[in-house]
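Only one structure is covered here, and it is reproduced in the block below.
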């Protein structure tokens, strides 16, 4: 393994081709306090305007942190198995190796000889004024990459030569801000890359580490955005890294880039793909969409908007989880079955109760007018049955037993939302089960399981 | 892996529910347990245990059913003839295998089969669990018992 992986491998983007390649001379560490103010201005978006020095310093980084990042990191660090591994000699060696590996394979550069890099580091300094000293290294690699690691007397940041060669100042600011975001929130202390493949760690812990890595990327992207102050620069950097296209002619519209997300979702659902849980980074269009949502929420200026954006991002990241988001109806790959099947079940009593309605709202396809859909289905539910069948038969990959169970469990959850499940609702569940190729008696078993789980949950919440 | 066992057993329970198989999670045994009627007023207990192959590997299940206990005392042990017969029967067995599990007091003739949990579907679980239960019960019946 490349010793650099032991720390925090990260992507960077490429500078524009007009920039001279970095000559990589030995240089001196940067004292950011000595740097002149950034005069670039550039293409700052109003929504992320705090790239200006005074506003940037006043940013409440903690409030920007993506909540799942903090929650999952707390869970991971509370795990005894993780604690044992992080305290083991193997991990101390990994920490040391990452530093020595960098020193052995890279050269320290004085950013003053690379104006665009100096400008980017100034931007970082303004956003993170507490950082005392930065040592900047460049290593020879065609991959656009960057990572950060704490040193004894300061912070080491390492950029691949491709990143320095192909990224302009704004893009470098995004990349460096992203990396410093990782440092700010303690992401790099965890050695996540090692934990995720550690054979001595329980699979569930390793999976949680991967989930957290993806959540941590969302936080780091927000910090990158704070430093570069431009969605356009962020989009260009992400696009260059993902595609490898480094031409000056790259026009990466944040909105168009983010719009790829919906197409990706449709493809993943129709394919039935679930092989994304081992990936440390979210899909690039997901990251772009998450930055867009965040930027819009900040522009709206209230906590509720940020909460809504975070909830939407939770749903997007659930697409990369092996079993969805963890809640009964949280599996994005089964959302169509939950919605159309849930509607069929709920309407067995002739109406949709307010609680059933709230359940259905969480799984309604994007753009659905729920009021109109329910009214139409109440008059004639044939369309709902058809949509349910289409959602099932339209998938290219066979449904696993666990997925089918999740569908029936979710449908029972909708039926039970109003506190009772009628015979009519059970009968409809059995018919839906038949469409899924499941024996009707399975519905009774799933129902019994649900009721037992519910009693356990109630006992726990009652403190019994 | 030990920490994952409850969650994985819960997954087994879910697929069993889908197959309309009744059972329960025995926390002490670390297994999902089912009792099968095998005809003629006989029954057979089947245990599903979980394990993982390698780091971050796929979760597997082992469907097991004990068929006979053989105490390893000087006068009572598995004879060469019986061992050969088990080998012959193994060859003709479908969806299951005979094996010997050592315990401090003796050996258990165990019928078992292994499957991948992630892609396991209800029908597959049902067929294999029945196959294991029937093979174990058939072997046990040859010795006149119905202990398991």
**OP:** Within 10 Å of each Cβ in peptide B:8-21, how many partner chain Cβ atoms are there on average? Round it to a whole number, please.
**Re:** 6
Subject >> Estimated translational D of region A:245-354 in µm²/s (Stokes, Kirkwood radius over Cα pairs; 10 °C; 1.306 mPa s) >> reply: 99
Original post:
In whole angstrom, and with the biggest value first, how far do the Cα coordinates of region B:68-148 range along each principal axis?
Top reply: 45, 26, 21
Original post:
Across the Cα atoms of the protein assembly as shown, what radius of gyration and what greatest pairwise Cα-Cα distance (Dmax) are found, in Å?
Top reply: 29.1, 94
Original post:
So what's the projected area for region A:134-268, the Cα convex hull averaged over all directions, in nm²?
Top reply: 9.8
Original post:
For helix B:5-18, what angle does its Cα long axis make with the longest principal axis of chain B, in degrees from 0 to 90 and rounded to 10?
Top reply: 90
Original post:
What does the convex hull of the alpha-carbon atoms of region A:187-229 project to on average, in nm²?
Top reply: 3.0
Original post:
What percentages, rounded to whole numbers, describe P(r) for region A:306-429 computed over all alpha carbon pairs with 10 Å bin width beginning at zero?
Top reply: 13, 46, 33, 8, 0
Subject >> Between region A:251-280 and region A:312-376, the alpha-carbon center distance in angstrom >> reply: 20
Original post:
What average count of beta carbons from other chains do you get within 10 Å of the Cβ of residues in A:191-198?
Top reply: 1
Subject >> Three principal axis lengths of region B:1-52 [C-alpha, angstrom, descending] >> reply: 40, 22, 16
Subject >> Alpha-carbon Rg with Dmax, taken over region B:1-112, Å >> reply: 16.1, 47
Original post:
When chain B is modelled as a GNM with alpha-carbon springs shorter than 10 Å, which of B:28, B:58, B:105 fluctuates the most?
Top reply: B:28
Subject >> Descending semi-axes in whole angstrom, ellipsoid equivalent of region A:59-173, from the Cα gyration tensor >> reply: 28, 21, 13
**OP:** Equivalent ellipsoid semi-axes for region A:112-168, as square roots of 5 times the alpha carbon gyration tensor eigenvalues: give them largest first, rounded to whole Å.
**Re:** 19, 14, 9
Original post:
What is the helix-to-structure angle for B:122-142, meaning the angle in degrees between its Cα long axis and the longest Cα principal axis of chain B, kept from 0 to 90 and rounded to the nearest 10?
Top reply: 20
**OP:** Identify which of B:135, B:67, B:59 has the largest mean-square fluctuation in a Gaussian network model of chain B, with springs joining Cα atoms closer than 10 Å.
**Re:** B:59
Original post:
Which order do peptides B:79-90, A:444-455 fall in by mean Cβ count within 10 Å, highest first?
Top reply: A:444-455, B:79-90
Subject >> residue B:88 paired with residue A:389, simple spin-label distance in nm, labels 7 Å along Cα-to-beta-carbon >> reply: 5.4
**OP:** Compute log10 of I(q)/I(0) for region A:244-287 with the Debye formula, placing one identical point scatterer on every Cα and leaving out solvent, at q = 0.34 Å⁻¹, to two decimals.
**Re:** -1.16
Original post:
Over the protein assembly as shown, what is the percentage of antiparallel beta bridges among all DSSP beta bridges, to the nearest 5?
Top reply: 85
**OP:** Determine, for each peptide in B:118-129, A:362-373, the mean count of other beta carbons within 10 angstrom over its residues, then list the peptides with the highest first.
**Re:** B:118-129, A:362-373
Subject >> Pairwise centroid distance, computed over Cα atoms, of region B:8-73 with region A:118-186, Å >> reply: 53
Original post:
Going by average Cβ neighbours within 10 Å, how do the peptides B:92-100, B:37-45, A:222-230 rank, with the highest at the top?
Top reply: A:222-230, B:92-100, B:37-45
Subject >> Dimensions (Å) - region A:363-464, Cα atoms, principal axes, largest first >> reply: 44, 32, 27
Subject >> Hypothetical label at residue A:80: residues of region B:2-32 whose amide nitrogen lies under 19 Å (7 Å Cα-Cβ projection) >> reply: B:2-8, B:27-30
**OP:** Using a 10 angstrom cutoff on alpha carbons, build the Gaussian network for chain B and name the most mobile of B:50, B:132, B:101.
**Re:** B:101
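Every number here is computed from the coordinates shown, using simple stated rules; none is lab data. Keep in mind the model is a prediction, meaning the values are calculated, not measured. Note that each Cβ is placed from the backbone with ideal geometry, even for glycine, and that neighbours are counted across all protein chains shown.
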